[in-house]
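Below is one structure; the comments refer to it alone.
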Amino acid sequence: MLTKFSVSNFKSFNDEFVFDLNDTNGYNFNKESVNNGIVENAIVYGRNGVGKSNLGLAVFDIIDHLTDSEHGDIEYTHYLNALNSSKIATFKYEFSIASNKVVYTYRKNEHRSLIFEKLTINDNLIAEIDREKSNKATINLKGAESLNNDIRNLNLSLIKYIKNNSVLDESDLFNNVFLCFLKFIDGMLFFRSLDGNSYMGIESGSKEIQEDIIERGNVKDLELFLNNAGIECKLKVVKESEKNVIAFDFDGKSISFYKIASQGTKALTLFYFWLQRLKEESKVTFLFIDEFDAFYHHELSRLIVEELKKLNIQFVLTTHNTSIMTNDLLRPDCYFVMSKNDIKSLSKSTEKELREAHNLEKMYKAGSFDV
């Protein structure tokens, strides 16, 4: 699980910006939203322009150089903060991998140029390179002793180089944690509902949503999902221009799904597209959905959160919807309020002791939290 993340000089983040998922309270309700003191289910609020989307892009910068998954290159134009005089952005990730502390720090001067990398496991140095001083890397993993440690290519991650060019014995603790860490990164997924099927992580290449649903044989399951969400409909597969498409079935009359579906229904179908992977493939480890309910009624927003809570994954959602800021759904240390300079949970934004009976939305609107 991701336990803590910090970034500086990236997009809207000038000074160091810290997102701490470790700073939890011992609430006796909604315990499943926190795992071993780490927030597993998080919802982030913030005014327009504070950087909620950029937070997701910052967290997912890691997949660009550690995976072969979809990178979302277009999202990473204007990489460095415009007001910062430094030419280097710094990223630091802390993870709990099988109860082991993994810390990965790197610095870049542009999207793909790695200046510095350092990986530790339980405070033991595993790998490090500082190209401002030398191209010589330090590598401390059994099975990687014979690797060439002179790595001149700025676009090549030291960590990925080790992964792709060594055979590591998984019976060794550090090797096992190292490989589990990489598996966690491979399982990260970011998507948003505002730009069609815009995503990063988990797989590569564009996917046609309805084609994917048809190929998986899930059209009737989509119909059930939409009906459970309050969208009464019957669906079928029809031919249109020699291509199979999903259509609404109006007592035998068919109309192409995407020609008449509302924006909210399309957004919900996009969520279902990814939900197939979350449920069927069990390979998503960390999920970030930007503006997850931009087109949803508040009751539907709640349903989506409840669906995600059933899955064994860590997730972060951004939203403006305060109606789901309730202890019935999550808990005060799982709701975060973001400003341009910091992000804090509700429980850390007030000196008042928050209880299960408190109306968090009412308190938030009344300005009870220091944000």
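Here, each number is a calculation from the coordinates, and none is a lab measurement. Keep in mind that what you see is a predicted model, and the values were worked out from it rather than measured. Every residue, glycine as well, gets a Cβ built from its backbone with ideal geometry; the counts of neighbours run over all protein chains shown.
Table for the structure above
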read-out: Förster radius 45 Å - calculated FRET efficiency between Asp150 and Asp212 (Cβ-Cβ, nearest 0.05); value: 0.55
read-out: Gain on full stretching of the segment that runs from Asp68 to Lys266 - 0.36 nm per residue minus C-alpha separation; value: 68.5 nm
read-out: Ranking of Lys344, Lys163 by count of other Cβ atoms within 10 Å, fewest first; value: Lys163, Lys344
read-out: Debye log10 I(q)/I(0) for region 255-330, one point scatterer per Cα, at q = 0.11, 0.13, 0.16, 0.23 Å⁻¹; value: -0.30, -0.42, -0.62, -1.15
read-out: Efficiency of FRET between Asp15 and Asn48 - r from beta-carbon atoms, R0 25 angstrom, step 0.05; value: 0.75
read-out: Region 6-94: radius of gyration over Cα atoms, expressed as a fraction of 2.2 N^0.38 Å; value: 1.26
read-out: Per-residue Cβ neighbour rank within 10 angstrom, fewest leading, Asp328, Asp342, Asp123, Asp61; value: Asp123, Asp328, Asp342, Asp61
read-out: Approximate shape of region 203-263 as ellipsoid semi-axes (Cα gyration tensor, √5λ), whole Å, largest first; value: 19, 15, 11
read-out: Extension gain from Asp130 to Asn28, taking 0.36 nm per residue of separation minus the Cα-Cα distance; value: 32.2 nm
read-out: 5 angstrom amide H check on Phe10, placed H, neighbours 5+ away; value: Asn81
read-out: DSSP-defined antiparallel bridges as percent of all bridges, the chain, nearest 5; value: 80
read-out: Region 116-197: radius of gyration over Cα atoms, expressed as a fraction of 2.2 N^0.38 Å; value: 1.28
read-out: Calculated P(r) of region 154-259 - Cα pairs past 25 Å, %; value: 47
read-out: Pairwise Cα inverse-distance average, inverted: Kirkwood Rh of region 53-175 (Å); value: 15.5
read-out: Fewest-first ranking of Asp251, Asp221, using other Cβ atoms within 10 Å as the exposure measure; value: Asp251, Asp221
